[in-house]
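The values are calculated or read from the model by the stated rules, or taken from the named source; none is laboratory data. As the structure is a prediction and not an experimental result, all values here were calculated from the model. Note that we place each Cβ from the backbone using ideal geometry, even for glycine, and neighbour counts take in every protein chain shown.
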């Protein structure tokens, strides 16, 4: 499971650019195809135009066990509206054609397996995607993904959690390329009133395990959360709040919220 | 010809019978060459199946569970406690009953029923919940969560929680809570809280999703008492371990009652826990044909079924790689069966492996075939089976009649002398409303009410 550091990581570059500007990176999540394919592209571009450093596009999936009700409902809607996985690559290509902000894909593993890991990766790379965040794929099961991601020059962003042992932190850091996704709390996606007290410790421990870039997600929903996490993490990931904004006010509302979240970093 | 002897009280059954059924020439012989045993596979992988396709957040809990389980199974105190509860609480060993009148429809083969329906709470499910609840206690966990379809595993989990003084929350598809209002009441009587799952397709798989979400958030004091031999390691091997008692008892009982091993064992397959518990004891007996019967629903050509192995493709769901009903995009396809307990779009990974190597034959049985066998058992034996188990009954008749058509069993024995064990995994009290509707036994007003209840 060697990690060829030489391979250029688009997501690492985006985080490093923010760091050079003296701040943490802002990462925004939206599901592909929600509420429909064109609107999901517009909303992602709105993220890029309002200060987001890295875009995370989710693949709607029938059994999203790490997602809370807001994202579940959005992905159910996308699927009910006929979203197909092959459209993901159109969404990625459309976004990368309009912005230089890199795009990573968040996907549960079965849609990747079904298409074929290599085929999925090849099409993602062709569309200009930077890599995959894999919420239900741990490095222990990722042998094929290691090989394929190396072949196609894609980032592999694994998750760490407050429950991860030191040994697992080391293994996951070593397996990851681009950044490590630190889950801020024991739970699923969804807005929370306050940032979990566990978040800082996970980030510190993951840095101590050798990670150059650790970004925090889950329960981050406003500019003050963003500012708080930016003090110790390399990036801050917002999902549910943006999806809720998209549901209520369309791509414009996404842009407005992104700009507001960004004030937490400036 | 063989009298059914009175049930021995405990474990002191005869162990010296020669294994007359071991011909070594059955369909199993080929793959057994060069292999010591198919028994006691530990996971995490069964061939290419199994594993841990799970969020990192839960890996520590799975590790803790695995460690606790491995220590417990080697601890005589733990196994003695399981045996004590099986005997004094669940009512084990369960009977092995020869179904003489039912067998008249089996081309001369003798059919024996492993009576898991007689266990406390009415099905095999109690074996697993007792075991896992004891493990939860060993881990210092005070709260049990579980998923349930029609309610059988939920009732069993609520029962174990009450017995051990634990909090219990059961996730159940919102649709199922309406259709199975009596089982919801049973769980609540036992002190459990039932949470209707309104998200996703509101079925068993969504109940599992919701239980996993709860587990992620509460894993420090909560054990997820998964009800079937599926899911991430160590669940498939662990759930099998707690159900192995089914096959172990049946193997001794059949030798005691017939003087030899059976020619075939049959069980129904949803996630596959009753089946793996029954099959395990016979995996290394090459002369014993093993059959798993999946829910064929309206028929496997209709798309409305739950025949994961017959028609699914390997994929990952709920933590395991296994056969899975999925579309071209890898989205899970909703399963359909008249039997809620079989209505699951995947199957335990060990079954997928046993299917691939050919040790177990998996075949679909339709709703209609199962309901015919359901009625036949009611009328010939005075036993109302769970509709799940009726799939195995229907399958056993198919096996016997197929033997009759080809003249001999797979191992070359006369059908007239053949012996089949069917795992009667549960009793049918819970299915009376479904069956009454199927057979049109309700008066018009009541039928309309029942139909209206279905549509709500």
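Data for the structure
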read-out: Helices (runs of 4 or more DSSP H) lying entirely in the stretch B:14-94 (those with 1 or more residues that are modelled with pLDDT of 95 or more); value: B:56-73, B:76-85
read-out: Complete set of residues in the stretch B:152-180 that are over 17 Å from residue B:121 (Cα atoms) and assigned to a helix (DSSP H, G or I); value: B:174, B:175, B:176, B:177, B:178, B:179
read-out: Selection within the stretch A:136-149 - crowded, with 18+ Cβ neighbours inside 10 Å and more than 22 Å from residue A:205 (Cα to Cα); value: A:141, A:142, A:145, A:148, A:149
read-out: Residue that is nearest to residue A:16 (Cα to Cα) [pool: residues in the stretch A:182-200 that are surrounded by fewer than 19 Cβ atoms within 10 Å (Cβ to Cβ) and within 12 Å of chain B (Cβ to nearest Cβ)]; value: A:198
read-out: All strands (runs of 3 or more DSSP E) inside the stretch B:193-304 with 2 or more residues being closer than 25 Å to residue B:355 by Cβ; value: B:264-269, B:289-299
read-out: Filter pass, residue B:298 being at pLDDT below 95, surrounded by fewer than 24 Cβ atoms within 10 Å (Cβ to Cβ) and more than 16 Å from residue B:266 (Cα to Cα); value: yes
read-out: Any chance residue B:278 is farther than 25 Å from residue B:123 by Cα, touching a strand residue (DSSP E or B) at 6+ places or on another chain (Cβ under 8 Å) and at pLDDT 95 or above; value: no
read-out: Pick from the stretch B:301-321, criterion under 17 Å from the mean Cα position of the chain (by Cα) and under 18 Å from residue B:207 (Cβ atoms), ranking: surrounded by the fewest Cβ atoms within 10 Å (Cβ to Cβ); value: B:306
read-out: Residue, farthest from residue A:121 (Cα to Cα), within the stretch A:52-86, restricted to residues that are surrounded by fewer than 21 Cβ atoms within 10 Å (Cβ to Cβ) and more than 9 Å from chain B (Cβ to nearest Cβ); value: A:70
read-out: Hits in the stretch A:100-119 (condition: assigned to a helix (DSSP H, G or I) and either more than 10 Å from every other protein chain (Cβ to nearest Cβ) or within 28 Å of residue A:18 (Cα to Cα) (or both)); value: A:117, A:118, A:119
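Each row is one residue, and each column tells you yes or no for (1) more than 8 Å from chain B (Cβ to nearest Cβ); (2) closer than 17 Å to residue A:200 by Cβ.
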residue: A:151; (1), (2): yes, no
residue: A:163; (1), (2): no, yes
residue: A:167; (1), (2): yes, no
residue: A:174; (1), (2): yes, no
residue: A:180; (1), (2): yes, yes
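Conditions tested, residue by residue: (1) in a helix (DSSP H, G or I); (2) at pLDDT below 95; (3) touching a strand residue (DSSP E or B) at 6+ places or on another chain (Cβ under 9 Å).
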position: A:18; (1), (2), (3): yes, no, yes
position: A:27; (1), (2), (3): no, no, yes
position: A:30; (1), (2), (3): no, no, yes
position: A:35; (1), (2), (3): no, no, no
position: A:39; (1), (2), (3): yes, no, no
position: A:47; (1), (2), (3): yes, no, yes
position: A:61; (1), (2), (3): no, no, yes
position: A:72; (1), (2), (3): yes, yes, no
position: A:83; (1), (2), (3): no, no, yes
